[in-house]
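A short worksheet on the structure shown next.
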Amino acid sequence: MSRFPIYQIDAFTSERFRGNPAAVCLLNEWLDDGLLQAIAEENNLSETAFLVRDEPQRRLRWFTPATEVDLCGHATLATAFVLARFVAPDERRFTFATRSGALTVVREGDRFVMDFPAQPARAVTAPPALIEALGAEPLEAGLSADYLLVLEDEAAVRALEPDMRGLAAIPGCRGFIVTAPGDDADFVSRFFAPGAGVAEDPVTGSAHCTLTPYWSARLGKTRLQARQVSARGGELECEDRGERVAIAGHAVAVLEGTLLL
């Protein structure tokens, strides 16, 4: 029987049982992809991160309960937190080799700053099936890896009750970012990805690769305070750096254990 360290971390929050929970599993070498997917399905969290700890560039992959994804923010933050807390407490800079290229996370006290690729959306017209499934007509729509759908205000974002089956049937995207100006943040958002096995993601770091350039241009500033207004909720600090974005937040450990295979 093989044993692997595994952790559950709440990301983009300083409070347990808020933010977005991610599992982080530390490996010495890659397991079969089917086994990685089965572990993620067993964890039943929006993301499970798998890290192979070879130096100097650690290799990182992310799986939802249904599929592997190209980019994940909260599970990257959670992985950096695990390294800083349990593995390499003297390190301040962590670099990961991923399907989205090299990603760097810098530890600043108890805050983690991630350097991610910007993914600005191009303007599109929201298809009627999307409007029907969302249950609201956006003021603006864009498309990057996800649909970007802009509503009038925070109350409209909070009130959404989308038809998940209808959203899952929309082709050509990973998920759906719904956003609006915030009441006490620069902007708020929610994220739905039923086609990837995640009905609503509590806090979505990767969505802010699209949200940050949009709101930076709209508000005329590069540093932004963001809030994801899911049931759990989460806080993010974002910075538009042109072709890159900085996404910062906190994390807290909830579970520490051993995966038996």
In nm, to one decimal, how far is the Q225 label point from the R53 one, both placed 7 Å along Cα→Cβ? 3.8 nm
State to the nearest 20 debye the size of the charge dipole of the range 191-260 about its Cα centre, where the only charges are +1 on K and R beta carbons and -1 on D and E beta carbons. 260 debye
Alpha carbon centroid spacing (whole Å) that separates the range 1-77 from the range 226-252: 19 Å
Can you give the local net charge around R174? Use residues other than it whose beta-carbon is closer than 10 angstrom to its beta-carbon, Lys and Arg +1, Asp and Glu -1. -2
For T258 and M164, what is the calculated FRET efficiency with R₀ set at 41 Å and r taken between the beta-carbons, to the nearest 0.05? 0.75
Output the relative contact order of the range 101-229, whole-number percent, from Cα pairs under 8 angstrom with separation of 6+ residues. 21 percent
Under a point-charge model restricted to the Cβ atoms of Lys and Arg (+1) and Asp and Glu (-1), what is the dipole moment magnitude of the chain relative to its Cα centre, in debye to the nearest 20? 540 debye
Only bridges whose two residues both fall in the range 117-261 count here: according to DSSP, what percent of them are antiparallel, nearest 5? 80 percent
Which value, to two decimals, describes the C-alpha radius of gyration of the range 122-242 once divided by 2.2 N^0.38 Å? 0.96
Taking Cα atoms only, helix 208-219 is inclined relative to the longest principal axis of the chain by an angle, in degrees rounded to 10, of 40 degrees
Need one number for the chain: average projected area of the convex hull over its C-alpha atoms, nm². 13.0 nm²
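Every read-out reported here was derived from the displayed coordinates using simple, explicitly stated rules and does not represent laboratory data. Remember, it's a predicted structure, so these values are computed and weren't measured experimentally. Here the Cβ is made from the backbone with ideal geometry for all residues, glycine too, and neighbour counts use every protein chain on show.
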